[in-house]
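The values are calculated or read from the model by the stated rules, or taken from the named source; none is laboratory data. All of these numbers come straight from a predicted model, not from anything done at the bench. So basically every Cβ, Gly included, is an ideal-geometry build from the backbone, and we count neighbours across all protein chains shown. Areas reflect the complete protein model, heavy atoms only, side chains present, ligands, DNA and RNA absent. Shrake-Rupley method; radii C 1.70, N 1.55, O 1.52, S 1.80 Å.
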Amino acid sequence: MRTDAPVHALNGALWLRVSAFAYNRMDDYERLADIVVNTLRRG
């Protein structure tokens, strides 16, 4: 399963665009949260 959430730099900050769809499940968002946390820790 792939995860796609674009990140944009704007005014010196990074913004993560998360879109909600009817077919998304809670575990999809939990997986995205894990990816973001792990990426920031490596940062």
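Coupling constants for the stretch 36-43 follow from the phi torsions by the Karplus curve (6.51 cos²θ - 1.76 cosθ + 1.60, θ = phi - 60°), and in residue order they are 5, 4, 5, 5, 5, 5, 6, x Hz; glycine and proline get x. The length gained by stretching the chain between Asn11 and Arg25 to full extension, at 0.36 nm per residue less their Cα-Cα distance, is 1.8 nm. Within the full protein context, the accessible area of Arg31 is estimated at about 90 Å² for a probe radius of 1.4 Å. Under the convention that each Lys and Arg Cβ holds +1 and each Asp and Glu Cβ holds -1, the size of the dipole of the chain around its Cα centre is about 140 debye.
Where the accessible area of the chain is counted over protein heavy atoms with a 1.4 Å probe, how much of it, in %, is carbon and sulfur?
With neighbouring chains kept in place, the figure for the chain is 57 percent.
Using a simple spin-label model with pseudo-atoms 7 Å out from Cα toward Cβ, Leu32 and Thr3 lie 1.0 nm apart.
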